[in-house]
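FYI, it's all coordinate maths here, none of it is from the lab. Predicted, not measured: the structure shown is a model, and the values here were computed from it. Methodologically, a virtual Cβ is constructed for each residue, glycine included, from the backbone with ideal geometry; neighbour enumeration extends over all protein chains shown.
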Amino acid sequence: MSLHNLCWLPAMELAALIRARKLSPVELTEALLARIERLNPTLNAFCAVTADVARQGAKIAEAAIMHGEPLGAVHGVPVSIKDVLFTRGIVTTGGSRIFADFVPEEDAIAVERLKAAGAVILGKTTTPEFGHKSLADSPLLGVTRNPWRSDRTPGGSSSGAGAAVAAGLGPLALGTDGGGSIRIPASFCGVYGFKPSFGRIPSGPGFPGWETFTVPAPMTRTVRDAALMLDVLAGPDDRDRHSLPAMAGSYLAACDEPIQGWSVAWSPDLGYAQVEPEVIRLTEEAAGVFEALGCRVETVATGWENPEETFATMAAAEMYANWGDRLPEWRDRMDRTLVRFLERGGGVTIGEYLRAARRRREFWLEAQGFLARFDLLLTPTVPVPPFAGDGSWPREIAGQKVSPLGWMAFTYPFNLTGQPAASIPVGFTHDGLPVGLQIVGRRHADRAVLAASAVLEAARPWASKRPPVD
């Protein structure tokens, strides 16, 4: 097998080849490091390539195989880590000049679990400053580019993770999702992103963030690779008081479960979003596939009010609580959008925050009551295809002016509710840009989202489609 083709194999297949001693972890790691060296100057997906760490990890993985030692689920398989997640002994900047030289003394729980399962750490992937926005630039790390078209954004805040997976720079990426930060780049980069239920993968230790919004999450080229990662990452840890008890059965096995007879809701706009016609066309076609697969698909009006103000108020206030004290010294060296975000958060009163928290509870009751009627909810992942990577975002969609979060109207609601949600590729626009469908499950129904994702992937596979970066 050519080294080029190695870079595109799913993690499931790579792990099996390594376990069977048909593929050397060292050979695989060298192939990926060479590809990263060639493509990263253009894409800027990695902010730190830990080549020495990766080579040492690959050698240790190979020695374990040769000595017949017990092997973890991703033994010898390379993975990238978003640069907001702590990595022991490896610089972790959070995309901020404040932490340009910061080296953590401990791993995030998710990183710790990947290492214990035998993964080889390739490096850290780019993020906007502290993951505060869903774009792909920061004053410290620069601009990350979309592999499908270098003048377009890959989305964020798991920007480098999405670009790396899409470009064949590693089969597995660990990112985070606080308002769409996995699902948006998954949609824009034509890969699979899975936001688990809040608490399914333990958070921390790490930079302070949106404690009740953000989850560590996998990004991969196939559904089963994400399920494989979830089998490694999920489960309780007392360091995270929000972490959930373990569920019976593997998430990988859930990908083989049938979905015939399920009741599926399709909403093209959640009742408030503006959406580009081409995005509606592609996602509506994909939603129709579920009917052909034996589900009952119903076009619905959710009746929900737009929760943007609730999310924006709570997110800004919490970001200010975390980083507002840095403004006097660092204002001129921070991302200007982060400064404005912190200033907004500093103006939120305790009464406004508590009212937003109450609205969040009310929104959850609306979402819970709605999904009591359905097994799944389908929406577009993002209302627009990938747009220009110049640091700005759409002010108009389908000819209508939109609010600042209007272009990500489908993702942040499910960070408010904590429900599992995935973005799955469903096609390309007329000019070759990827579009994703969002699959949302009931509370804690991660297995159902994976099952539905796997069925759609089998019906409309995408992993063989590759961006023009070779």
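Before moving on, here are some points about what is shown:
- Reach of residue 22 by Cα under 26 Å, taken over lysines that are not fewer than 8 positions away in the same chain: 59, 115, 465
- Of the trypsin sites (Lys or Arg not before Pro) in region 188-258, the ones in a loop by DSSP (not H, G, I, E or B) with at most 14 other beta carbons within 10 Å are 239, 241.
- Length-normalised contact order for the chain - Cα pairs under 8 Å, 6+ apart - percent: 16
- The chain: DSSP helices with Cα axial extent of at least 24 Å and average Kyte-Doolittle hydropathy no lower than 0.0: 25-43
- Percent RCO, i.e. relative contact order, over region 66-204, from Cα pairs under 8 Å lying at least 6 residues apart: 23
- Whole-angstrom gap from region 166-224 to region 35-57, using each part's C-alpha centre: 20
- Take every pair of alpha-carbon atoms less than 8 Å apart whose residues are at least six positions apart; their mean separation over the length of region 138-241 yields a relative contact order of 25 percent.
- Pairwise FRET efficiency - residue 59 versus residue 100, Cβ, R0 = 30 Å, nearest 0.05: 0.50
- From its DSSP helices (H runs of at least four residues, each -39,500 (n - 2.57)), the chain gives a residue-normalised ellipticity at 222 nm of -11000 deg cm²/dmol.
- The Stokes-Einstein estimate for region 66-115, based on a Kirkwood radius over Cα pairs and taken at 20 °C with 1.002 mPa s viscosity, is a diffusion coefficient of 174 µm²/s.
- FRET efficiency estimate (nearest 0.05) - Cβ-Cβ, residue 16 to residue 400, R0 51 angstrom: 0.55
- Calculated FRET efficiency for the pair residue 352/residue 247, C-beta based, R₀ 35 Å, to 0.05: 0.40
- Bins of 10 Å, starting at 0 and running to the largest distance - Cα pair percent for region 301-389: 14, 32, 30, 20, 4, 0
- The C-alpha radius of gyration of region 1-144, expressed as a fraction of 2.2 N^0.38 Å, stands at 1.07.
- Loop-located trypsin sites (Lys or Arg not before Pro) in region 88-181 (DSSP state other than H, G, I, E, B) with a sparse environment of at most 15 neighbouring Cβ atoms within 10 Å: 88.
- Cut-off 19 Å, label 7 Å out along Cα→Cβ of residue 239, residues of region 407-444 by amide N: none
- Shown here: percent of Cα pairs over 44 Å apart, derived from the displayed model; of the candidates [x] 44; [y] 6; [z] 16, it corresponds to [y].
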